[in-house]
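This report concerns only the one structure given below.
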Ligand code: ATP
Ligand code: MG
Ligand code: FE
């Protein structure tokens with residue numbers, strides 16, 4: 001059973017072919033990073049235009065690399081939210097056109113559910129229930145995944161997402177866009193104890209996050225140092241900022257897993273590509289007898305394969321969506 005997954009919610013146009021919801025036949029990712037770099041972030045109108053220009057070519061390449069024809073595709077899954085609305089509609093329109101022209105069933109996929117489903121591609125035997133830390137450019141959530149199509153949100157960010165904090169701080173300290181991977185690398189050379197930033201845990205027992213305060217602390221620190229005529233040590237700053245973020249994320253995730261009595265937790269979303277988070281989560285899970293699942297970095301950031309995996313399980317349970325499928329900038333999990 002072959003599923004085509006189509007992803008265009010932000011700045012990656014990606015189409016994948018996946019067998020039985022688990023095995024990647026091809027996963028073509030056309031990133032627009034180099035285009036948006038000169039603007040310091042994703043420009044929505046430019047993103048839409050590039051999706052439109054690229055999507056047919058990406059689809060052809062995905063079919064070519066998987067060595068199959070459209071006649072062999074059994075299901076089309078497409079991200080229909082959340083994301084940039086002008087970007088989402090390109091993928092949804094392409095999916096609907098193909099579904100209609102070729103009479104292939106179609107399902108809409110929640111992008112965040114797609115991120116979680118990347119784990120089914122990485123780990124062939126993984127089945128719900130499990131806990132998930134979803135940590136990306138626009139979201140930071142601790143959720144309990146009770147079956148393939150259901151999850152309960154235990155906590156989320158009250159202001160910035162973790163990836164957004166990385167990207168904004170990277171801009172402040174001159175690392176540029178996309179900030180996450182550059183901070184990851186810079187922090188390797190730095191001392192996480194060099195500068196103290198306050199850890200924001202919120203109320204006792206809360207699984208919510210707040211990252212806008214850390215961003216402000218970094219901004220204040222940078223301004224202070226510059227006023228005093230001192231050079232900023234970028235690696236130390238990157239490492240110290242990052243550790244303030246990771247301490248809170250890891251502590252809350254472990255606490256939630258323990259409270260729910262689960263033994264397994266998966267990581268999902270672009271920030272779970274972060275090498276420090278991966279190492280430190282592994283150590284924390286080992287220390288607490290929890291099994292950690294981490295998709296390869298390429299499956300953490302946006303890709304079509306994760307959308308195909310999610311679509312496969314959604315279709316089995318709920319059947320197809322109609323050709324009136326719409327895109328939504330905000331779509332709750
Ligand atoms: P969402 O999934 O919430 O809709 P998105 O799709 O834009 O948002 P992703 O593609 O999942 O986000 O992830 C991109 C985010 O991940 C960016 O904020 C980026 O900086 C961050 N990121 C990617 N790699 C790393 C890394 N190695 N370390 C930290 N952050 C990273
Ligand atoms: Mg992206
Ligand atoms: Fe994403």
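Taken together, the values in this text are just the output of simple stated rules run on the coordinates, not laboratory data. Keep in mind that what you see is a predicted model, and the values were worked out from it rather than measured. Note: ideal-geometry Cβ built from the backbone for every residue, glycine included; neighbour counts use all protein chains shown.
Restricting to region 1-147, what percent of DSSP beta bridges are antiparallel, rounded to 5? All intermediate terms of the calculation are to be shown ahead of the outcome.
On the way: 20 of 29 bridges.
Once the DSSP bridges in region 1-147 are tallied, antiparallel ones form about 70 percent.
Obtain the radius of gyration and the Kirkwood radius of region 269-333 from its C-alpha atoms and give Rg over Rh. Don't skip to the answer; put the middle values down first.
Details: Rg = 16.3 Å, Rh = 14.7 Å.
Reported Rg/Rh (Cα atoms, Kirkwood Rh): 1.11.
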Taking only Cα atoms of region 18-170, radius of gyration then Dmax in Å:
16.9, 47
Ranked from highest to lowest mean number of other Cβ atoms within 10 Å per residue, what is the order of the peptides 240-250, 8-18, 283-293, 94-104?
8-18, 240-250, 94-104, 283-293
Pair-distance profile P(r), taking every C-alpha pair of the chain, with 20 angstrom steps and integer %:
33, 55, 12, 0
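When the helices in the chain are scored as -39500 (n - 2.57) per DSSP H run of 4 or longer and the sum is shared across all residues, what 222 nm value do you end up with, to the nearest 500 deg cm²/dmol? Numbers along the way, then the final one.
Values: 11 runs with 154 residues, N = 333.
Computed mean residue ellipticity for the chain: -15000 deg cm²/dmol.
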Cut-off 16 Å, label point 7 angstrom out along Cα-to-Cβ of residue 35: give me the residues of region 56-82 whose amide nitrogen falls inside.
56-59
Taking the Cα centre of each part, how many Å lie between region 184-235 and region 44-85?
39 Å
Highest mean first, how do 71-81, 319-329, 44-54 rank when packing is the count of other Cβ atoms within 10 Å averaged over residues?
71-81, 44-54, 319-329
When DSSP assigns beta bridges and you keep just the ones with both residues in the chain, what percent turn out antiparallel, to the nearest 5?
60 percent
Spin-label pair residue 72/residue 282, simplified geometry with 7 Å Cα→Cβ offset, distance in nm
3.5 nm
Overall Cα dimensions of region 188-333 - principal axes, largest extent first, Å
63, 39, 31
